[in-house]
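Comments concern the structure below.
The values are calculated or read from the model by the stated rules, or taken from the named source; none is laboratory data. In this text the structure is predicted, and so the values were computed from the model without any measurement. Methodologically, a virtual Cβ is constructed for each residue, glycine included, from the backbone with ideal geometry; neighbour enumeration extends over all protein chains shown.
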Amino acid sequence: MDALTPARPNRTLRGPAELADAGLVPCERLPALASVAARYAVAVPPAMAALIDPTDPRDPIARQLLPTEAELVHAPGESADPIGDNVHSPVPGVVHRYPDRALLKVTHACAVYCRFCFRRESVGPGAEALSAEALDTALAYIGARPEIWEVILTGGDPLVLSARRLRETMVRLGAIPHVKVVRIHTRLPVADPSRVTRPLVAAMGASGKATYVALHANHPRELTPAVGDACARIIDAGLPMLGQTVLLAGVNDDAATLAALMRGFVEARIKPYYLHHPDLAPGAGQFRVSLAKGQALMRALRGRLSGLCQPTYVLDIPGGHGKVPVGPSYLAPEQPLGDLDACVQVEDPWGQAHAYPPVPPLNPSAAK
Ligand SMILES: *Cc1c(COP(=O)(O)O)cnc(C)c1O
Ligand code: SF4
């Protein structure tokens, strides 16, 4: 680091003034950014600040984390609750949209605040963790519904809870016999790998149920050696990991970046799970890409990468109608698929069509 580069403090940068002091945003933008920060939480932890190249105006880490004036521009169709959590929330802290699994939002806080966050109207510091009474009610709701096979801890980021508090919640989930699987959705190993301590990892597994950890990461540069070590501590403790990525314009909407990210996950023993089409979060229009582009990127991944590196590309249908895979499809669209004696045209990843033969008619004399 040369003498002209401002020092980056070894603590989380919270707000435009601290970002300016660290040389990450220009001072002349402070008044405008103050109104952005008043609306949407800002936090850039040291491990992520260190990844930003302030001389690159298109830096993909900066783009995800540094507030911009564009966030105050709200486009038609954007919503404070883009995936309809509220319509499926029977009690505070629980979202129950699918019969066999429920979300448990244990905190609203995160270690880092992403500018495209689909829950940006509800996450942030202040009134952070679910109150003791609300947690009791949420656990009672889950305990009274035998159809709930899986509980997904989310937030916010459930791993910002203290190890003691996380352990208590996990032990209580462990006592519900019909809950067989616990999933934790987190960005903490990327945001602050040093916080993935052995006590925290022990707490993550404290339900005694099959426990999966889904890591949110969007760019291959986020997967540093320290992040790899943090994930290894989780996986070596017997908790398999999944990768979750949001497709983001200007961050990862090109095949080479996505390919490097997916390979980075697999090399860290993390199975890519979902590539999320960006949600209609308020002020996040700058991150949107078309479904056609997403499909083209998925096709490029299919043609060049191991099957282990393939996520499922999903859209959470606005309004709470659920997540669906959005392609691409390799079957020609006008195919009569129900028609047993028709050949089907299948496209390979490079766009060449091939005929796939029909199911043969049953031959009664061949059956014994
Ligand atoms: C995304 C989500 C889930 C989990 O869906 P999977 O497809 O099982 O990963 C569950 N409930 C809600 C409300 C969700 O938004
Ligand atoms: S870590 Fe997740 S919940 Fe937190 S701000 Fe980022 S996208 Fe939102």
Exercise. Assess whether residue 124 counts as being surrounded by 19 or more Cβ atoms within 10 Å (Cβ to Cβ), assigned by TED's automatic domain parsing to the domain that holds residue 315 and within 15 Å of ligand 1 (Cβ to nearest atom).
Key: no
Exercise. Kindly list the number of the only condition in (1) under 20 Å from residue 48 (Cα atoms); (2) in contact with a strand residue (DSSP E or B) (Cβ under 6 Å, 6 or more places away or on another chain); (3) among the hydroxyl-bearing types (Ser, Thr, Tyr) that fails for residue 224.
Key: (2)
Self-check item: Flag for residue 176 being modelled with pLDDT of 95 or more and farther than 17 Å from residue 105 by Cβ
Solution: yes
Quiz item: From 159, 166, 153, 130, which residue is in contact (Cβ under 8 Å) with a residue 12 or more places away in the chain, within 15 Å of ligand 1 (Cβ to nearest atom) and either crowded, with 22+ Cβ neighbours inside 10 Å or at positive phi (or both)?
Solution: 153
Self-check item: Residue count for the range 105-117, restricted to those that are touching a residue at least 60 places away in the same chain (Cβ under 8 Å) and farther than 14 Å from residue 41 by Cβ
Solution: 1
Self-check item: Single residue of 228, 264, 250 found to be at positive phi, modelled with pLDDT of 95 or more and either not assigned by TED's automatic domain parsing to the domain that holds residue 66 or not hydroxyl-bearing (Ser, Thr, Tyr) (or both)
Solution: 250
Practice problem: Collect the residues in the range 208-230 that are part of a loop (DSSP other than H, G, I, E, B) and not hydrophobic (A, V, I, L, M, F, W, C), keeping them in residue-number order. | Solution: 208, 209, 218, 219, 224
Practice problem: Just need a number here: residues in the range 17-71 that are without any contact (Cβ under 8 Å) to a residue 24 or more places away in the chain and either assigned to a helix (DSSP H, G or I) or touching a Lys or Arg at 6+ places or on another chain (Cβ under 7 Å) (or both). | Solution: 10
Quiz item: Quick one: would you say residue 90 is under 21 Å from residue 278 (Cβ atoms), in contact (Cβ under 8 Å) with a residue 40 or more places away in the chain and part of a loop (DSSP other than H, G, I, E, B)?
Solution: no
Practice problem: Kindly list, by first and then second residue, each pair from a residue in the range 210-236 that is in contact (Cβ under 8 Å) with a residue 24 or more places away in the chain and of a type in the set (S, T, N, Q) to a residue that is surrounded by fewer than 17 Cβ atoms within 10 Å (Cβ to Cβ) and part of a loop (DSSP other than H, G, I, E, B), limited to pairs with Cβ atoms under 9 Å and residues at least 6 apart or on different chains. | Solution: 211/238; 211/240; 224/50
Quiz item: With respect to the numbered conditions (1) within 22 Å of the chain's Cα centre (by Cα); (2) of a type outside the set (Ser, Thr, Tyr); (3) away from ligand 1 (no atom under 16 Å from the Cβ); (4) surrounded by fewer than 17 Cβ atoms within 10 Å (Cβ to Cβ), which one is the sole condition not fulfilled by residue 87?
Solution: (3)
Quiz prompt | Answer residue from the range 85-103, given it is within 14 Å of ligand 2 (Cβ to nearest atom) and of a type in the set (A, V, I, L, M) and is farthest from residue 187 (Cα to Cα) among those | solution = 95
Self-check item: Criterion (acidic (Asp, Glu), within 15 Å of ligand 2 (Cβ to nearest atom) and within 30 Å of residue 250 (Cβ to Cβ)) met by exactly one of 69, 121, 128, 78
Solution: 121
Quiz item: Taking only pairs six or more apart or across chains, which ones have beta-carbon atoms under 7 Å, a first residue in the range 301-330 that is away from ligand 2 (no atom under 16 Å from the Cβ), and a second residue that is in a strand (DSSP E or B) and among the β-branched types (Val, Ile, Thr)?
Solution: 311/245; 315/324; 317/324; 324/314; 325/312; 325/314; 326/314; 330/346
Practice problem: Test residue 308 against the criterion of being touching a helix residue (DSSP H, G or I) at 6+ places or on another chain (Cβ under 8 Å), surrounded by fewer than 18 Cβ atoms within 10 Å (Cβ to Cβ) and in the same structural domain as residue 97 (by TED's automatic domain parsing), and give yes or no. | Solution: yes
Quiz prompt | Single unsatisfied condition, residue 142 versus (1) crowded, with 23+ Cβ neighbours inside 10 Å; (2) β-branched (Val, Ile, Thr); (3) within 16 Å of ligand 1 (Cβ to nearest atom); (4) in a helix (DSSP H, G or I) | solution = (1)
Exercise. Return only the number of the condition from (1) surrounded by fewer than 18 Cβ atoms within 10 Å (Cβ to Cβ); (2) assigned to a loop (DSSP other than H, G, I, E, B); (3) away from ligand 1 (no atom under 16 Å from the Cβ) that residue 109 does not satisfy.
Key: (1)
